[in-house]
Amino acid sequence: MFTRAVTRLGRKRPPSEIHTGESPLNAQDNEQKGTRKWATSLESLLDDPKGVAEFIDFLKKEFSEENLLFWLACEDFKKTRDKDQMLKKAHDIYTTFLSSKASTQVNVEGQSKISEKMLEEPHPLMFQKHQDQIFNLMKYDSYSRFLKSETFLKLKTKEENESSASSAGESVPKRASRIYNT
């Protein structure tokens with residue numbers, strides 16, 4: 001179920017939809033693509049479907065993909081407006097990630113503070129505190145390791161080589177025009 005959410009939630013979202021408590025992304029960030037953009041911030045990485053896919057593959061190798069799956073499930077949950085769907089998703093998130101018996105439990109403070117009563121009366125931000133904790137954990141731990149990983153560095157080198165190859169076929173005036181007139 002949550003694997004399906006990854007592909008569905010990995011779609012392009014405006015940065016304003018990603019709650020991080022930080023200022024919105026700047027215009028320069030919007031011009032960058034691929035690994036260059038991913039390296040600017042975790043928010044940029046999470047805003048790119050390919051970035052999400054690469055990051056989750058990296059997290060799987062580290063046995064910590066539950067953090068990103070939880071974060072994505074919470075993003076999906078916040079967008080749910082149908083009461084029955086919200087109720088189902090709240091239970092799914094709790095039993096999958098927060099319950100003491102969860103199959104892919106995340107490590108957050110206050111897991112037990114979510115009661116059965118809260119699950120019966122869900123609201124879009126009920127998991128926000130937990131989601132923020134996981135976001136910060138990813139930002140200051142796994143994201144920085146991802147940027148130093150062999151996977152990321154190979155992707156970055158491949159993109160740089162492709163960019164060099166494509167610009168090598170252009171004439172100097174054409175390349176200058178493309179660079180300075182964008």
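The set of residues in region 64-88 that are over 19 Å from the mean Cα position of the chain (by Cα) and assigned to a helix (DSSP H, G or I) comprises Lys83, Asp84, Gln85, Met86, Leu87, Lys88.
Taking (1) farther than 17 Å from Ser103 by Cα; (2) surrounded by fewer than 18 Cβ atoms within 10 Å (Cβ to Cβ) in turn, Asp48 satisfies each apart from (2).
Screening Tyr140 on (1) surrounded by 15 or more Cβ atoms within 10 Å (Cβ to Cβ); (2) under 16 Å from the mean Cα position of the chain (by Cα); (3) assigned to a helix (DSSP H, G or I) shows it passes everything except condition (1). On the stretch given as region 89-125, residues that are surrounded by fewer than 18 Cβ atoms within 10 Å (Cβ to Cβ), outside any loop (DSSP other than H, G, I, E, B) and not basic (Lys, Arg) total 9.
Summed over region 104-120, the residues that are under 20 Å from Glu65 (Cβ atoms) and at pLDDT 85 or above give a count of 5.
The values are calculated or read from the model by the stated rules, or taken from the named source; none is laboratory data. Quantities reported herein were computed from a predicted structural model and do not represent experimental measurements. Note: ideal-geometry Cβ built from the backbone for every residue, glycine included; neighbour counts use all protein chains shown.
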